[in-house]
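The next block holds one structure in the form of structure tokens; read it before the comments.
The numbers here are math on the coordinates, done by the rules we state, and not lab data. Quantities reported herein were computed from a predicted structural model and do not represent experimental measurements. Ideal geometry is used to build each Cβ from the backbone, glycine not excepted, and the neighbour counts take in all protein chains shown.
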């Protein structure tokens with residue numbers, strides 16, 4: 001399925017940066033924003049290119065999970081189990097937040113999921129809510145960990 005370029009820039013890249021950031025926090029890998037941004041841009045561009053091909057919908061997500069897992073193993077210096085959990089959990093959380101966002105916005109705008117693709121602005125707004133929820137989750141996870149460590 002083709003993705004409009006504006007959706008890549010305003011939805012895809014921020015969403016992938018948020019997913020990668022959440023995965024890094026779950027995997028307990030130190031956050032270096034320039035790396036997170038570069039990885040997010042690479043992942044979003046990867047999805048953009050993959051979705052140009054006639055492949056079954058959802059395959060791009062499986063490929064992203066594998067790519068995130070490999071990235072986390074490399075960045076986390078080989079912690080395979082934590083990298084697997086972080087990559088799977090990050091995309092599970094993404095799916096839950098996408099479901100929540102779609103459940104909130106589609107009835108408001110009177111659209112079906114198929115019609116959403118024709119309304120790029122609404123699609124970007126829905127993705128923006130998902131991205132905000134991902135960053136809030138990441139922030140809360142960081143705060144909870146700091147609270148546990150600091151007496």
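For this structure, a couple of remarks:
- Neighbour-count ranking [beta-carbon atoms within 10 angstrom, fewest first] of 15, 77: 77, 15
- Sequence of 34, 48 once ranked by neighbouring C-beta atoms within 10 Å, starting from the fewest: 34, 48
- Mean separation of Cα contacts under 8 Å (6+ apart) over length of the chain, as relative contact order %: 32
- Protection proxy ranking, highest mean first, for peptides 108-115, 85-92: 85-92, 108-115, where packing is the per-residue count of other beta-carbon atoms within 10 Å, averaged.
- Alpha carbon centroid spacing (whole Å) that separates the stretch 1-29 from the stretch 88-148: 11
- FRET efficiency for residue 144 and residue 59, using Cβ-Cβ distance with R0 set to 35 Å, rounded to 0.05: 0.55
- Length available on full extension from residue 50 to residue 37: 0.36 nm per residue minus the Cα-Cα distance, which gives 2.7 nm.
- Sequence ranges 38-47, 94-103, ranked by mean other-Cβ count within 10 angstrom, highest first: 38-47, 94-103
- Per residue, the convex hull spanned by the Cα atoms of the chain measures out at 109 cubic angstrom.
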